[in-house]
Amino acid sequence: MPETRFSPSIHGWNFSNSCFPAYRYKLPLFPYARWGKSERGLCGGMVFSALDLYLVAQPIPRIQTLKTDDFDPLFRYLVQRLFDSFTASDVSQYYRLQHPWCSKRTREAHSTEQLQRILNGLDAGTPVPFTLILLHSWNPDRLGENHQVLSTGYSIENEHIKIRIYDPNYPNQDRYVQFSNKKPVQISMHGQPVRAIHKMQYRRKDPPVL
């Protein structure tokens, strides 16, 4: 049962991604445009930043509430890492997998291949960020309704793989994604069906002093 040393209660953020107030923030590439919507969440930024801090053994700030303010250094760091998590190739895959025309066979094949990449990373002792495709929609504006998490370990029982995750929506808790290799492949997170999974392209960035 490969496990990393990442623990949500020690290395994850204390605040939840699911309860930010409505705030229009500046985008990293367009600093004069307040198009960002904090109420849609910052899960990718929370995952990438938590992993950044973990990999350099820098303690994560134990704050209970994130200040959604463009002048707050922590908020800007999370926003920057959120946009770092949206590479062009990853976003194109998210849209392909959420689109109604994407067949179940295609989603199964993609998820099976991505699962192996996630497990390979965990076998090497490193937490691996990945995206849960939850949406079934042609609308690209709804891409943010999918969800980004961090895998921290896994176990295998018969044909079922249980991936332990840090979920930014649930601070200080171990959560799980279940993957069944039986045909048809079934993926779920605590009873919620998942259309597909996709390993994110993560590159470590030195965190600021927080």
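Going through segment 109-145 one residue at a time, which ones are in contact with a strand residue (DSSP E or B) (Cβ under 8 Å, 6 or more places away or on another chain) and under 16 Å from Q186 (Cβ atoms)?
Of everything in segment 109-145, those that are in contact with a strand residue (DSSP E or B) (Cβ under 8 Å, 6 or more places away or on another chain) and under 16 Å from Q186 (Cβ atoms) turn out to be H110, S111, Q114, L115, L132, I133, L134.
Looking at (1) closer than 19 Å to A196 by Cα; (2) modelled with pLDDT of 90 or more, which one does F86 not meet, given that it meets all the others?
Of the numbered conditions (1) closer than 19 Å to A196 by Cα; (2) modelled with pLDDT of 90 or more, the odd one out for F86 is (2).
Filter segment 5-45 down to the residues that are exposed (fewer than 14 other Cβ atoms within 10 Å of the Cβ), modelled with pLDDT under 65 and small (G, A, S) and list them by number.
The answer is A33, and nothing else.
Go through segment 176-204 residue by residue and tally those that are in contact (Cβ under 8 Å) with a residue 40 or more places away in the chain and surrounded by 15 or more Cβ atoms within 10 Å (Cβ to Cβ).
Number satisfying all stated conditions: 13.
If we scan segment 56-72, do we find a residue that is within 27 Å of F20 (Cβ to Cβ) and not in a loop (DSSP other than H, G, I, E, B)?
Applying the first criterion (within 27 Å of F20 (Cβ to Cβ)) to segment 56-72 yields 56, 58-72.
Subsequent filtering for residues that are not in a loop (DSSP other than H, G, I, E, B) retains none.
Scanning segment 56-72, I find no residue that is within 27 Å of F20 (Cβ to Cβ) and not in a loop (DSSP other than H, G, I, E, B), so the answer is no.
For segment 81-118, give me the residue count where each residue is more than 18 Å from H136 (Cβ to Cβ) and touching a residue at least 60 places away in the same chain (Cβ under 8 Å).
Number satisfying all stated conditions: 11.
Just give me the residues in segment 70-97 being of a type in the set (K, R) and over 19 Å from L51 (Cβ atoms), in sequence order. Quick ask: steps written out before the conclusion?
Here is the first cut: in segment 70-97, the ones of a type in the set (K, R) are 76, 81, 96.
Scanning segment 70-97 gives a single hit, R96.
The values are calculated or read from the model by the stated rules, or taken from the named source; none is laboratory data. Bear in mind that the values here come from a model prediction, so they are computed numbers and not experimental data. Because the Cβ atoms are built from the backbone with ideal geometry, glycine has one as well, and the counts that use them run over all protein chains shown.
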